[in-house]
Amino acid sequence: MSSTSVREGSLEAPTRHALDWQNPTFYDESILFHELERIFDICHGCRRCVSLCQSFPTLFDLVDSSASQEVDGVAKQDYWQVVDHCYLCDLCYMTKCPYVPPHEWNLDFPHLMLRAKAYKFKQGDVKFRDRVLTSTDRVGTLAGIPVVSGLVNAANRNPLARKALEAVLQVHQEARVPEYHSETLRKAERTRIGSNATGEAAGATTGKVALFVTCYGNYNEPGVNADLIAVFEHNGIPVTLARQERCCGMPKLELGDLEAVKAAKEFNIPVLKGLVDAGWDIVAMVPSCVLMFKQELPLMFPDDPDVQAVKEAMYDPFEYLMLRHKHGKLNLDFTHPLGSVVYQASCHQRVQNIGQKTREVLALIPETTVEIIERCSGHDGTYAVKKESYAAAMKIVKPVATRVDKAAADHFGSDCPMAGAHIAHALGRDGQQQHPLRLLRLAYGI
């Protein structure tokens, strides 16, 4: 059979092409809409992604209710309904679509949605609310000021204040919003900033890690990063903090503000590259941040050697621990069985193609059973708090919450702290979720 023959689906591993975002044609409206129609027509004829998120049901409903019942019958303006429901989880590309490259149809739905978001942002079609919610460093700095953090947290728990927030900023009054801490992780661990250490290499790992704290892990849930530090040092892995850092850029990427992503990259990459040159590996506890350095920045800046060097040194925490375990360097002296654990593997961890490393680590704990849920939580960081998408986010998380409820496990949570909180919110059990890093720390008794 000729290699150019048309085939149904693709047997090869998917190939991700670089994002040509600095080419003026990237923002050409006619080219963009032609590509949207082409891809939407393929999706309409396939429909394998209907259960993943709200983008696909929205698209198929638009097609089915049109006069022609084909994509050509859908008004171009209605395409934005599909775009706005995509939060770039990447699951359609990585787990469902048979037409991704190297298939000749070259279908990359998430990056097409990103292109549409970037076009929309460049046209100035962006809400003030979205600019605020994606400015995580600025919001965290302001909300984390002592006294201010207490006022912000109190307001977020007050029904009247939440109604006002919905009216002014269009943040759904019932959505779970994170607390802010004035004692941030970087303040609590200031002595680690710029610290030096010697690690014991094992395989590809150097045995010493620089923690990319992340804005969420700094301002909102510093306890999870504290758990990471405790677990890694219990395994003889020294942990340092970068002398400075900014948001990885993922929130701005999802907004389509690619220039802001570039600015974040130009701030973070030189700092992280310096750590890599000094022999440090890099870890981050938020899967989206890891993915940003492992995939999105390398695709946006494929010719930048520093970006590529950071990519090679960036690890998911459980990926790192399992790499050490392969060389006999994981501490297996667990003192506290966990019983039953059910957890959701976050989308942005799954698409890193590292396997079920969290499950593999937790399964090493004696008298512990682990059930993994590989289904999207629908949170996305901002999607689940917006007035217009909160209901859709709750619809997406419902099957996950149902499985957690039926499992009746001793512990539940997610690799993504935001997803874990969203699942707990859907269960009416806010605050009861536990990150796998916390569970590992509990098992060590440290």
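Selection of first residues in segment 89-116 that are at positive phi and of second residues that are part of a loop (DSSP other than H, G, I, E, B) and of a type outside the set (A, V, I, L, M), restricted to Cβ pairs under 9 Å at least 6 apart or on distinct chains, gives the following pairs, ordered by first then second residue: Asn106/His17; Asn106/Tyr99.
Contact map, segment 342-369: residues that are over 27 Å from Leu253 (Cα atoms) paired with residues that are open to solvent by 50 Å² or more (accessible area, probe 1.4 Å) and in a loop (DSSP other than H, G, I, E, B), Cβ distance under 7 Å, separation 6+ or inter-chain. Pairs shown: Leu364/Leu332; Ile365/Pro337; Pro366/Pro337; Glu367/Pro337; Thr368/Pro337. Among the conditions (1) open to solvent by less than 10 Å² (accessible area, probe 1.4 Å); (2) in a loop (DSSP other than H, G, I, E, B), the only one that Glu388 does not satisfy is (1). Within segment 313-325, residues that are without any contact (Cβ under 8 Å) to a residue 60 or more places away in the chain and farther than 12 Å from Leu211 by Cα have Cβ atoms under 8 Å from residues that are open to solvent by less than 10 Å² (accessible area, probe 1.4 Å) and in a helix (DSSP H, G or I) in these pairs: Met322/Val361; His325/Val361, counting only partners at least 6 apart in sequence or on another chain. Just for segment 143-182: of the residues that are farther than 19 Å from Gly223 by Cα and not in a helix (DSSP H, G or I), which one is modelled with the lowest pLDDT? The selected residue is Val147.
Thr206 meets the stated requirement of being β-branched (Val, Ile, Thr), in contact with a Gly (Cβ under 8 Å, 6 or more places away or on another chain) and either modelled with pLDDT of 95 or more or more than 20 Å from Ser135 (Cβ to Cβ) (or both).
Out of curiosity, is Thr205 touching a strand residue (DSSP E or B) at 6+ places or on another chain (Cβ under 7 Å) and more than 30 Å from Ser55 (Cα to Cα)? In short, yes. Scanning segment 341-373 for residues that are farther than 24 Å from Met292 by Cα, open to solvent by less than 50 Å² (accessible area, probe 1.4 Å) and assigned to a strand (DSSP E or B) gives Val341, Val342, Thr368, Val370. Any residue at all in segment 342-353 that is modelled with pLDDT of 95 or more and touching a helix residue (DSSP H, G or I) at 6+ places or on another chain (Cβ under 9 Å)? Taking every residue of segment 342-353 in turn, at least one turns out to be modelled with pLDDT of 95 or more and touching a helix residue (DSSP H, G or I) at 6+ places or on another chain (Cβ under 9 Å). Per this entry, Gly140 is not counted among residues that are in a helix (DSSP H, G or I), open to solvent by less than 70 Å² (accessible area, probe 1.4 Å) and out of contact with any helix residue (DSSP H, G or I) (no Cβ under 7 Å at 6 or more places or on another chain). Please work out if Asp281 is under 17 Å from Ile193 (Cα atoms), of a type in the set (Asp, Glu) and over 18 Å from the mean Cα position of the chain (by Cα). Yes: the conditions hold for Asp281.
Inspect segment 191-208 for any residue being in a strand (DSSP E or B), surrounded by 13 or more Cβ atoms within 10 Å (Cβ to Cβ) and hydroxyl-bearing (Ser, Thr, Tyr) and give the result as yes or no. The answer is yes, given that some residue of segment 191-208 is in a strand (DSSP E or B), surrounded by 13 or more Cβ atoms within 10 Å (Cβ to Cβ) and hydroxyl-bearing (Ser, Thr, Tyr).
Yes or no, residue by residue, for (1) open to solvent by 20 Å² or more (accessible area, probe 1.4 Å); (2) out of contact with any Lys or Arg (no Cβ under 7 Å at 6 or more places or on another chain); (3) among the polar types (S, T, N, Q):
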residue: Arg16; (1), (2), (3): yes, yes, no
residue: Thr25; (1), (2), (3): yes, yes, yes
residue: Ile31; (1), (2), (3): yes, yes, no
residue: Thr95; (1), (2), (3): yes, yes, yes
residue: Phe109; (1), (2), (3): no, yes, no
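Of all the criteria given as (1) closer than 16 Å to Ile373 by Cα; (2) among the polar types (S, T, N, Q); (3) touching a residue at least 40 places away in the same chain (Cβ under 8 Å), the one not satisfied by Gln433 is (3). Please work out which one of (1) of a type in the set (D, E, K, R); (2) open to solvent by 30 Å² or more (accessible area, probe 1.4 Å); (3) under 21 Å from Ser377 (Cβ atoms) is the condition Asp41 fails and give its number. With respect to (1) of a type in the set (D, E, K, R); (2) open to solvent by 30 Å² or more (accessible area, probe 1.4 Å); (3) under 21 Å from Ser377 (Cβ atoms), Asp41 is out only on (3). Among the residues of segment 398-423, the ones that are part of a helix (DSSP H, G or I) and in contact (Cβ under 8 Å) with a residue 12 or more places away in the chain come to 15 in all.
The values are calculated or read from the model by the stated rules, or taken from the named source; none is laboratory data. Treat the numbers as computed from the prediction; the structure is a model and nothing was measured. Please note: Cβ atoms are built from the backbone with ideal geometry, for glycine as well, and neighbour counts cover all protein chains shown. To get the accessible areas, we keep the full protein, side chains included, count just its heavy atoms, and leave off ligands, DNA and RNA. Shrake-Rupley method; radii C 1.70, N 1.55, O 1.52, S 1.80 Å.
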